[in-house]
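The structure under discussion appears below in the form of structure tokens.
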Amino acid sequence: MEKITSLAKRRGFIYPGSEIYGGFAGFWDYGPLGIELKNNIKREWWKSMVYGREDVVGLDAAIIMNPKVWEASGHVEAFTDPLVECKKCHHRFRADKVEDGKCPDCGGSLTEPKKFNLLTEVYVGTTEEGKKKTYLRGEITQGVFVNFRNVVDSTRVKVPFGIAQIGKAFRNEITAGNLTFRSREFEQMELEYFVEPNEKEAEKTFEFWKDTRMNWYVSLGMSKENLRFRDHEEKEKAHYARKATDIEYKAPFGWSEFEGIHHRGDYDLSNHNLSYKDEEAGKEYTPWVIETSGGIDRSALFFLLDAYQEDKDRVILKLDPRLAPFKVAVFPLLANKEDLVREAKRVYDLLRGKFYVAWDARGNIGKRYFAQDEIGTPWCVTVDFQTLDDETVTVRDRDTAKQDRVPIDKLSDYFQNKLGV
Ligand code: GAP
């Protein structure tokens with residue numbers, strides 16, 4: 001974790017939020033490379049969950065909603081974690097994360113657990129009297145449910161179908177930590193999939209999405225041996241869940257959840273008084289919901305951890321090329337040879353419109369390779385003296401260090417083929 005935390009900061013993936021003012025616990029900023037990694041995860045997710053399916057549509061609901069939404073959804077009443085406080089140093093902890101009943105900071109004794117609501121309050125309105133209290137969304141999910149009727153009325157979807165959404169959620173976590181793993185502001189990528197209300201259909205759908213979501217992480221390069229499913233015990237299930245299974249990653253701080261598959265039954269639609277009319281079959285019912293809820297920050301962190309490799313003093317981030325921030329880096333062999341630099345700039349400009357491309361003319365070529373390996377750039381293009389004669393360049397592969405000689409006018413196709421786009 002120390003190595004990833006330091007790499008993330010040094011190379012511009014993740015910075016502590018509000019750092020020049022001493023930081024702000026539980027908030028993080030993504031740097032120039034971090035935003036690329038997150039955008040790439042989101043793009044791949046959207047491609048597989050929306051564009052790749054006939055039965056799923058997208059949505060982007062407001063972060064701030066009428067407080068009645070959160071009363072109906074059960075979050076005002078039940079979105080809680082058990083909190084204990086040290087009687088000596090007054091530090092607070094999640095009761096389920098304290099192991100021996102003693103304060104992890106000073107060893108003092110702890111209070112009995114109290115329920116602590118995780119919703120973050122906000123006040124909306126211009127005058128003191130007119131200000132209305134509501135909440136930043138604790139899960140992005142409710143925006144989908146309150147739009148259920150709108151989506152059914154304005155599109156051609158028919159049960160079974162899904163609504164996909166990506167966006168920020170906020171939780172007043174009692175303790176934040178492990179870099180972005182437990183943050184107070186984070187992003188989720190979720191699918192709410194609506195099925196007819198019967199156990200057989202729900203069970204089949206639950207199993208389908210469990211496998212589909214696990215395979216998605218593996219298809220993007222996460223090692224199988226670092227992944228597992230874990231079913232929730234009765235006492236740990238969220239207030240809305242009939243059944244829940246987590247996808248967990250073997251992190252340096254232990255097996256940790258980063259996506260949940262939930263059987264929410266009719267809990268939400270019933271609470272919002274919503275139902276569905278099947279015109280063809282002439283029946284009306286409240287669909288059940290199978291949900292897949294992944295965290296983008298946790299996925300990004302685990303993709304980074306999983307990709308991190310050392311080879312003597314060299315660090316290689318073996319990210320899948322689809323997730324890597326830069327796809328290609330372009331260098332002139334020597335920075336002080338004008339014609340090499342001019343030609344390399346031409347190659348850089350040629351590729352730039354199609355891929356996110358890095359330019360580097362500092363130090364020697366070996367150092368430039370190392371610097372690109374460390375941020376996961378899959379291919380480095382070098383313009384050398386042969387380029388000036390025959391318009392070919394060398395393309396060096398991050399993982400094998402093998403070099404191909406490729407004509408400049410074939411470079412775009414070469415990378416497009418490699419990326420499968
Ligand atoms: N709509 C269901 C839902 O929100 P959840 O299990 O509470 O379910 C889903 O959250 C995912 O959101 C988690 O698996 C995790 O990846 C992410 N997540 C939840 N709390 C988080 C936090 N404090 N910091 C970062 N990610 C978080």
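Exactly one residue among Gly125, Gly138, Gly167 is more than 10 Å from the ligand (Cβ to nearest atom), surrounded by fewer than 21 Cβ atoms within 10 Å (Cβ to Cβ) and within 23 Å of Gly74 (Cα to Cα), and that residue is Gly167. Scanning region 1-28 for residues that are in contact with a helix residue (DSSP H, G or I) (Cβ under 7 Å, 6 or more places away or on another chain) and part of a loop (DSSP other than H, G, I, E, B) turns up Arg11, Gly12, Phe13. Note on region 374-421: among residues that are among the basic types (Lys, Arg) and part of a helix (DSSP H, G or I), the one that is surrounded by the most Cβ atoms within 10 Å (Cβ to Cβ) is Lys418. Looking at region 273-287, which of the residues that are surrounded by fewer than 17 Cβ atoms within 10 Å (Cβ to Cβ) and not in a strand (DSSP E or B) is farthest from the ligand (Cβ to nearest atom)? The residue in question is Gly282.
How about region 262-272: which of its residues are out of contact with any helix residue (DSSP H, G or I) (no Cβ under 8 Å at 6 or more places or on another chain) and within 12 Å of the ligand (Cβ to nearest atom)? Full working, then the answer.
Restricting attention to region 262-272, the residues satisfying the condition of being out of contact with any helix residue (DSSP H, G or I) (no Cβ under 8 Å at 6 or more places or on another chain) are 262, 264, 266-267, 270.
Scanning region 262-272 gives His262, Arg264, Tyr267.
Let's see how each residue does on (1) without any contact (Cβ under 8 Å) to a residue 40 or more places away in the chain; (2) assigned to a helix (DSSP H, G or I); (3) under 30 Å from Val159 (Cα atoms):
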residue: Val289; (1), (2), (3): no, no, yes
residue: Ser293; (1), (2), (3): no, no, yes
residue: Asp306; (1), (2), (3): no, yes, no
residue: Glu310; (1), (2), (3): yes, no, no
residue: Ala329; (1), (2), (3): no, no, no
residue: Glu343; (1), (2), (3): no, yes, no
residue: Arg362; (1), (2), (3): yes, no, no
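Of all residues in region 332-360, which are among the hydrophobic types (A, V, I, L, M, F, W, C) and under 19 Å from Leu33 (Cα atoms)? Full working, then the answer.
So the first thing to find is which residues in region 332-360 are among the hydrophobic types (A, V, I, L, M, F, W, C), and the list is 333-335, 340-341, 344, 347, 350-351, 355, 357-359.
Matches in region 332-360: Leu351, Phe355, Val357, Ala358, Trp359.
Once region 243-261 is narrowed to residues that are among the small types (Gly, Ala, Ser) and over 15 Å from the mean Cα position of the chain (by Cα), the residue that is nearest to the ligand (Cβ to nearest atom) is Ala244. Of the numbered criteria (1) in contact with a strand residue (DSSP E or B) (Cβ under 8 Å, 6 or more places away or on another chain); (2) under 23 Å from Lys318 (Cβ atoms), the one Lys367 fails is (1).
Filter region 141-159 for residues that are in a loop (DSSP other than H, G, I, E, B) and under 26 Å from the mean Cα position of the chain (by Cα); which is farthest from the ligand (Cβ to nearest atom)? Filtering region 141-159 for residues that are in a loop (DSSP other than H, G, I, E, B) and under 26 Å from the mean Cα position of the chain (by Cα), the one farthest from the ligand (Cβ to nearest atom) comes out as Asn147.
Read-outs: derived from the displayed coordinates by stated rules, not from any lab. Just so it is clear, the structure is predicted and the values come from calculations on it, not from any experiment. All Cβ positions, even for glycine, are placed from backbone atoms using ideal geometry, and neighbour counts span all protein chains on display.
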